[in-house]
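Each remark here refers to the structure printed beneath this line.
The values are calculated or read from the model by the stated rules, or taken from the named source; none is laboratory data. Just so you know, these numbers come straight off a predicted model, no measurement behind them. In this analysis, Cβ positions are derived from the backbone assuming ideal geometry, glycine residues included, and neighbour counts consider all displayed protein chains.
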Amino acid sequence: MFLEAVKLLGLEEADHAGCVMVGNNLERDVAGANRLGMTSVWINWTLRYPTEPANADEEPDYTIGLPHQLLDVLEEINSKA
């Protein structure tokens, strides 16, 4: 799904590193973003999905608990650019 999204946006592989994905599922969201070289932000706010990464692909770059915390993460990412 991530590859299709970047294709629809007209992004090249070199653009993936500039993308930030926010999701609540380690296996699907975080791993998918990590595999494409995107920055992954896991929002840990539901017990519906596993809360521990099963492998290195599921390790998020950042973890937040509430949506508004994304602003701080984006500021940090931007300061590194």
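The table below gives the values:
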{"quantity": "Check on ALA81, surrounded by fewer than 15 Cβ atoms within 10 Å (Cβ to Cβ) and on the phi < 0 side of the Ramachandran plot", "calculated": "yes"}
{"quantity": "THR63 vs. criteria polar (S, T, N, Q), without any contact (Cβ under 8 Å) to a residue 40 or more places away in the chain and assigned to a loop (DSSP other than H, G, I, E, B)", "calculated": "no"}
{"quantity": "Qualifying residue in the range 42-56 (condition: assigned to a helix (DSSP H, G or I), within 13 Å of the chain's Cα centre (by Cα) and not β-branched (Val, Ile, Thr))", "calculated": "no"}
{"quantity": "Test: ALA5 is part of a loop (DSSP other than H, G, I, E, B) and either at pLDDT 95 or above or within 15 Å of the chain's Cα centre (by Cα) (or both)", "calculated": "no"}
{"quantity": "Filter result for VAL30 (modelled with pLDDT under 95, among the β-branched types (Val, Ile, Thr) and in a helix (DSSP H, G or I))", "calculated": "no"}
{"quantity": "Conditions (1) free of Cβ contacts under 8 Å to residues at least 40 places away in the same chain; (2) under 18 Å from PHE2 (Cα atoms): number failed by ASN44", "calculated": "(2)"}
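Let's see how each residue does on (1) among the β-branched types (Val, Ile, Thr); (2) surrounded by 16 or more Cβ atoms within 10 Å (Cβ to Cβ):
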site	(1), (2)
MET1	no, no
ALA14	no, no
ARG28	no, no
ASN34	no, yes
VAL41	yes, yes
ARG48	no, no
THR51	yes, no
